[in-house]
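In what follows, a single structure is set out as structure tokens and then discussed.
What follows draws every value from the coordinates through simple rules; no lab data is involved. Values in this document were obtained by computation on a predicted structure and should not be read as measured data.
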């Protein structure tokens, strides 16, 4: 079963609306979204935060992925989940 939640935020003066799909896997729950035409999966790490994993190699992408934006999205997901 999967659920979806929406993140609405501004980053570097640009508005963003992301739909984040919650996917329950056998041993963990991951959060999947699309950033700059790149599918990114955020998964829990050992320290209680989330790490971002791209589903395709980033060096093959036409549009550059802003790493700061990915970090910001990760912190918004943690905030949404209420885990600190």
For q = 0.24 Å⁻¹, Debye-computed log10 I/I(0) when each Cα of the chain counts as one equal scatterer: -1.34
Most mobile listed residue (73, 40, 17) in the chain, GNM with C-alpha springs under 10 Å: 17
Average Cα contact separation per residue, the chain, under 8 Å, 6 or more apart, as relative contact order %: 18 percent
Mean ellipticity per residue at 222 nm, deg cm²/dmol - from DSSP H runs of n ≥ 4 across the chain, formula -39500 (n - 2.57): -6000 deg cm²/dmol
